[in-house]
Amino acid sequence: MNLNYLSFEQPIADLEGKIEELQLVGNDSDINIAEEISKLRQKSRKLTENIYSKLTPWDVVQVARHPQRPYALDYIQRIFTDWEEMHGDRHFGDDSAIVGGVARLNGKPVMVIGEEKGRGVNEKVMRNFGMPKAEGYRKALRLMELAERFNLPVITLIDTPGAYPGIDSEERNISESIAQNLAVMSRLKTPIICTVIGEGSSGGALAIGVGDRLNMLQYSTYFVISPEGCANIIWKTSEKAPQAAEAMGVTSDNLEQLGIVDETIPEPLGGAHRDIDTMSENIKQHLTGQLETLQNIPVDQLLEQRYQRLMSYGN
C-alpha cells in the first residue's frame with residue numbers, strides 16, 4: 001500500500017507505480033517507451049477524475065486530513081510577502097499551534113493568522129498537532145485587536161482537529177478564550193476573511209472563523225464535532241464515522257447551499273497537495289477579490305452586514 005495515497009486512491013497508486021517502473025526501464029535501456037508512459041498518464045488522470053467525481057463526505061474528510069496536505073505556513077510563504085511572525089499572548093506564553101503576523105497581499109498590508117499542524121514528529125509535538133490552547137487564541141485575539149488599531153484587514157487560515165481539551169488548557173480557561181474571540185471578531189472594525197484549508201473542527205475552528213467572508217477549499221471540512229466523535233455519541237462506536245460524516249453535511253458544497261460558506265475554492269485534481277503552487281494562486285485570487293470588495297465598504301455598514309450574516313444562520 002502506497003502511503004502517499006489514501007485507501008480509495010490505491011488504483012491510482014498502482015497506475016503511478018507502473019509509470020515509475022517504465023521510466024526506470026527507459027532510463028536503463030535504449031527502448032523508447034515515451035508513448036506507453038503517455039498513455040498510462042492519460043489513463044491515470046481519467047481514473048483520478050472518475051474517483052474524485054464520486055467522493056463521499058467521508059472520503060473528503062480523509063483528503064482534508066491527508067498528511068501531505070498544505071498547512072498554513074505552506075500557503076503563507078507562497079501567497080504573502082514581507083511575512084513577519086509575532087509571538088505570545090502577553091498573558092501566559094506563546095502557542096505554536098497558532099501562527100500570526102503582518103504581511104503583504106499584493107503589496108497591501110494585512111494581518112494573517114493561521115492554525116499550523118506541523119511536519120514531522122518533532123514539529124507536530126511542538127505545534128500540539130494543530131490543537132491550540134487558551135494562549136493560542138489569546139495570541140490571535142491580540143493580533144486581531146492590533147490589526148483593528150492600525151486598520152489592517154485580518155485573514156485567517158483554519159485547519160485544526162479542535163481546540164486542545166487537556167487539563168492545562170482547561171486550567172487556563174480555553175472556553176472563555178474561544179468565547180472572547182467570537183465576541184470580539186463579531187464587532188472588529190476591520191474586514192475579516194476566513195478560509196478553511198483543511199479540517200475546521202468545533203470551537204477550535206470557530207475561534208478564528210467569524211468574519212465577513214468564509215471560504216472553504218474544495219476538499220476541506222467544517223463541522224461542530226469530528227465524525228468519529230459524533231459516531232461515538234450516537235452509535236457508541238467510531239466505526240460509524242462515515243455515516244456520521246454523511247449525516248452532518250461536512251463538505252463545502254453542503255455548507256454553501258446552507259448559506260454558511262460564501263465561496264468554495266477549487267482544488268487541483270487529486271487535492272491541494274498534488275499542486276501546492278496552483279492551489280496557492282487560487283486562494284490568492286479569491287482573497288484579493290474579496291479584500292478589494294470589503295475595503296470599499298464603510299466600517300459601520302461592514303459591521304451591520306457581518307451582524308446580519310451571522311444572524312441569518314439557521315433561517
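The values are calculated or read from the model by the stated rules, or taken from the named source; none is laboratory data. Computed from a prediction, not measured in an experiment: that's the story for all the values here. Note that we place each Cβ from the backbone using ideal geometry, even for glycine, and neighbour counts take in every protein chain shown.
Checking Arg69 against (1) buried (at least 16 other Cβ atoms within 10 Å of the Cβ); (2) assigned to a helix (DSSP H, G or I), which single condition isn't satisfied?
For Arg69, the failing item is (2).
Condition check: touching a Lys or Arg at 6+ places or on another chain (Cβ under 9 Å) and either free of Cβ contacts under 8 Å to residues at least 12 places away in the same chain or in the same structural domain as Arg138 (by TED's automatic domain parsing) (or both). Does Ile178 satisfy that?
So Ile178 does not fit the description; no.
Suppose we keep only residues that are outside any helix (DSSP H, G or I) and in contact (Cβ under 8 Å) with a residue 12 or more places away in the chain within region 32-62. Which one would you say is surrounded by the most Cβ atoms within 10 Å (Cβ to Cβ)?
Leu55
Where residues in region 230-255 are small (Gly, Ala, Ser) and surrounded by 15 or more Cβ atoms within 10 Å (Cβ to Cβ), which of them is nearest to the chain's Cα centre (by Cα)?
Ser252
Condition first: modelled with pLDDT under 80 and more than 23 Å from His273 (Cβ to Cβ). Now tell me which residues in region 1-34 satisfy that.
Listed by number, the residues that qualify are Leu24, Val25, Gly26, Asn27, Asp28, Ser29, Asp30, Ile31, Asn32, Ile33, Ala34.
Going through Ser186, Ser169 one at a time, which residue ends up being touching a residue at least 60 places away in the same chain (Cβ under 8 Å) and assigned to a helix (DSSP H, G or I)?
Matching residue, one of Ser186, Ser169: Ser186.
If Ser220 satisfies all but one of (1) within 23 Å of His66 (Cβ to Cβ); (2) modelled with pLDDT under 95; (3) small (Gly, Ala, Ser), what's the number of the condition it fails?
Only one criterion is unmet by Ser220, namely (2).
Would you mind telling me which numbered condition in (1) more than 19 Å from Glu116 (Cα to Cα); (2) in contact with a strand residue (DSSP E or B) (Cβ under 7 Å, 6 or more places away or on another chain) Pro242 fails?
Going through (1) more than 19 Å from Glu116 (Cα to Cα); (2) in contact with a strand residue (DSSP E or B) (Cβ under 7 Å, 6 or more places away or on another chain) one by one, Pro242 breaks only (2).
Within region 72-88, can you find the residues that are closer than 22 Å to Phe129 by Cβ and assigned to a helix (DSSP H, G or I)?
Hits for region 72-88 are Ala72, Leu73, Asp74, Tyr75, Ile76, Gln77.
Which one is farthest from Val110 (Cα to Cα) among residues in region 77-95 that are touching a strand residue (DSSP E or B) at 6+ places or on another chain (Cβ under 6 Å) and hydrophobic (A, V, I, L, M, F, W, C)?
Once the filter is applied, the top-ranked residue is Met86.
Please specify each residue of region 156-166 satisfying the condition of being in a strand (DSSP E or B) and either at pLDDT below 95 or in contact with a Leu (Cβ under 6 Å, 6 or more places away or on another chain) (or both).
Of everything in region 156-166, nothing turns out to be in a strand (DSSP E or B) and either at pLDDT below 95 or in contact with a Leu (Cβ under 6 Å, 6 or more places away or on another chain) (or both).
Any idea which residue in region 105-133 is surrounded by the fewest Cβ atoms within 10 Å (Cβ to Cβ), counting only those that are touching a residue at least 60 places away in the same chain (Cβ under 8 Å) and basic (Lys, Arg)?
Among residues in region 105-133 that are touching a residue at least 60 places away in the same chain (Cβ under 8 Å) and basic (Lys, Arg), the one surrounded by the fewest Cβ atoms within 10 Å (Cβ to Cβ) is Lys108.
Touching a strand residue (DSSP E or B) at 6+ places or on another chain (Cβ under 7 Å) and either under 28 Å from Glu267 (Cβ atoms) or crowded, with 24+ Cβ neighbours inside 10 Å (or both): which single residue out of Thr195, Thr190 fits that description?
Only one candidate passes the filter, namely Thr195.
Residues in region 129-146: is at least one among the charged types (D, E, K, R) and farther than 17 Å from Ala207 by Cα?
No: region 129-146 contains no residue that is among the charged types (D, E, K, R) and farther than 17 Å from Ala207 by Cα.
Find the residue count for region 189-203, including only residues that are in a helix (DSSP H, G or I) and modelled with pLDDT of 95 or more.
Result for region 189-203: 0.
Please go through (1) of a type outside the set (Ser, Thr, Tyr); (2) at pLDDT 95 or above; (3) in contact with a strand residue (DSSP E or B) (Cβ under 9 Å, 6 or more places away or on another chain) for Ile178 and return the number of the only condition it doesn't satisfy.
Condition not satisfied by Ile178: (3).
Could you check region 207-268 for helices (runs of 4 or more DSSP H) lying wholly inside it with 2 or more residues that are farther than 15 Å from Leu157 by Cα and aliphatic (A, V, I, L, M)?
Because the criterion is at least 2 residues that are farther than 15 Å from Leu157 by Cα and aliphatic (A, V, I, L, M), the helices (runs of 4 or more DSSP H) in region 207-268 that meet it are 227-234, 241-248.
Is there any pair linking a residue in region 293-315 that is in a loop (DSSP other than H, G, I, E, B) to one that is of a type outside the set (Gly, Ala, Ser), with Cβ under 8 Å and at least six apart or on different chains, and which?
That search, which allows pairs on different chains as well, returns Ile297/Pro191; Ile297/Gln305; Tyr313/Ile260.
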